[in-house]
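The values are calculated or read from the model by the stated rules, or taken from the named source; none is laboratory data. What you see is a predicted model; the values in this text were computed from it and never measured. No Cβ is skipped: glycine too gets one built from the backbone with ideal geometry, and neighbour counts run over all protein chains shown. Please note that ligands, DNA and RNA were not included when accessible areas were found on the heavy atoms of the full protein model with its side chains. Shrake-Rupley method; radii C 1.70, N 1.55, O 1.52, S 1.80 Å.
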Amino acid sequence: YGNQGCNGGLYDYAFAYAKSAPLESEGDYPYTAYDGHCNYSKSYGKVQVKSYKNIAYDNLNSLKSALAQGPVSVSVHAD
């Protein structure tokens with residue numbers, strides 16, 4: 001919610017959504033944005049986000065700590 005697809009967005013919105021709706025696998029819900037149709041079904045959801053946090057962009061120790069705890073999402077400001 002609130003993101004703009006290929007025109008940019010914030011991963012915080014994606015994580016907030018994933019806390020409320022389990023994520024489906026690529027096999028159950030392949031990427032089809034090019035045809036404008038969505039076939040999402042919560043019944044196929046396999047993974048749900050429990051929590052997330054932001055770290056400072058220039059703090060290597062925080063990044064190392066986050067990597068030790070689990071997956072890390074990185075965004076690139078590419079104007």
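Here is how the numbers come out for the structure above:
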item	result
Restricting segment 20-37 to residues that are loosely packed, with under 14 Cβ neighbours inside 10 Å and among the aromatic types (Phe, Trp, Tyr), the residue that is modelled with the highest pLDDT	Tyr31
Residue tally, condition at pLDDT 85 or above, in a loop (DSSP other than H, G, I, E, B) and surrounded by 10 or more Cβ atoms within 10 Å (Cβ to Cβ), over segment 55-71	2
Set Tyr52, Tyr11, Tyr17, Tyr40: member being of a type in the set (Ser, Thr, Tyr) and either open to solvent by less than 60 Å² (accessible area, probe 1.4 Å) or at pLDDT below 75 (or both)	Tyr40
